[in-house]
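Notes follow the structure.
The values are calculated or read from the model by the stated rules, or taken from the named source; none is laboratory data. Here the structure is a predicted model, which is why all the values come from computation and not from measurement. Note that we place each Cβ from the backbone using ideal geometry, even for glycine, and neighbour counts take in every protein chain shown.
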Ligand code: ZN
């Protein structure tokens, strides 16, 4: 069920965006990736990206042939509008909605807009992102309606049909692992378990059954719970 055409995947190096990369490689003729460097604490996530891309190309040669170039965009301005910068507070802490105070409101709107501009230049119609309403109801810019609306805006604003795909929108973390297994079998599950990064604190000192992380931040808790549920079947 290959869809003709090219896709650009918002690829952070985390579990969700890597599952989306596999999903896109399974579906499209040609797939490129884009990552944003905005001075995030968990920059380690960005550093995982090359290892994941190499791992995919080596373990899945049929996908490796379709995997095109990687784009990394510096978005340092985002750091200057995070709460830690605006309040002069340097400590990372978690708000009542589970998001770290380094989170920038509307971040995904910016990411997709930059991605669409690059896609325009590259002749790419499809944008793919790992946003999910099931686990991230606290992020208004992850909502399905937000992204459907943005798809219309980008298509009009660039006078060029853009399609935003969010294959994880309605599934939970356990189902994301199951999707991973369907797409690439145990090899892809293992690659994502050991090479991707989700922890808000950027901790990669200890490998847990579900992957690396501090084990206590909301991102680690979510990832651990999804893995437990997936393994329990
Ligand atoms: Zn963590």
Next on the checklist: Against the conditions (1) part of a helix (DSSP H, G or I); (2) more than 16 Å from the ligand (Cβ to nearest atom); (3) surrounded by 15 or more Cβ atoms within 10 Å (Cβ to Cβ), where does residue 169 fall short? Just the number, please.
Outcome noted: (1)
Item to check | Pair list, Cβ under 7 Å, 6 or more apart: segment 206-222 residue in contact (Cβ under 8 Å) with a residue 24 or more places away in the chain and closer than 15 Å to residue 48 by Cβ, other residue within 10 Å of the ligand (Cβ to nearest atom) and not in a loop (DSSP other than H, G, I, E, B) | outcome: 211/223
Checklist entry - Does segment 224-232 contain any residue that is assigned to a helix (DSSP H, G or I), within 16 Å of the ligand (Cβ to nearest atom) and either surrounded by fewer than 19 Cβ atoms within 10 Å (Cβ to Cβ) or at positive phi (or both)? => result yes
Item to check | Selected residue [surrounded by fewer than 22 Cβ atoms within 10 Å (Cβ to Cβ), more than 15 Å from the chain's Cα centre (by Cα) and within 16 Å of the ligand (Cβ to nearest atom)] from 157, 185, 202 | outcome: 202
Next on the checklist: Yes or no: segment 107-114 includes at least one residue that is without any contact (Cβ under 8 Å) to a residue 60 or more places away in the chain, touching a helix residue (DSSP H, G or I) at 6+ places or on another chain (Cβ under 9 Å) and in a loop (DSSP other than H, G, I, E, B).
Outcome noted: no
Item to check | Residue list for segment 205-223, restricted to those being surrounded by 19 or more Cβ atoms within 10 Å (Cβ to Cβ) and either at pLDDT 90 or above or in contact with a helix residue (DSSP H, G or I) (Cβ under 8 Å, 6 or more places away or on another chain) (or both) | outcome: 210, 211, 212, 213, 220, 223
Item to check | Among (1) touching a residue at least 24 places away in the same chain (Cβ under 8 Å); (2) more than 14 Å from the ligand (Cβ to nearest atom); (3) over 15 Å from the mean Cα position of the chain (by Cα), the one test that residue 130 misses | outcome: (3)
Checklist outcome for this item: Filtering segment 188-199 down to residues that are more than 8 Å from the ligand (Cβ to nearest atom) and closer than 20 Å to residue 94 by Cβ yields 197
Checklist entry - Do we find that residue 26 is under 24 Å from residue 170 (Cβ atoms) and in a helix (DSSP H, G or I) in this structure? => result yes
Checklist entry - Considering segment 63-80 alone, what residues qualify as being farther than 25 Å from residue 50 by Cβ and under 21 Å from the mean Cα position of the chain (by Cα)? => result none
Item to check | Odd one out for residue 177, checked against (1) modelled with pLDDT of 95 or more; (2) more than 10 Å from the ligand (Cβ to nearest atom); (3) touching a strand residue (DSSP E or B) at 6+ places or on another chain (Cβ under 9 Å) | outcome: (3)
Item to check | Test: residue 214 is within 16 Å of the ligand (Cβ to nearest atom), over 22 Å from residue 11 (Cβ atoms) and in a loop (DSSP other than H, G, I, E, B) | outcome: yes
Checklist entry - Is it true that residue 81 is surrounded by fewer than 22 Cβ atoms within 10 Å (Cβ to Cβ), in contact with a helix residue (DSSP H, G or I) (Cβ under 8 Å, 6 or more places away or on another chain), touching a residue at least 12 places away in the same chain (Cβ under 8 Å) and under 27 Å from residue 217 (Cα atoms)? => result no
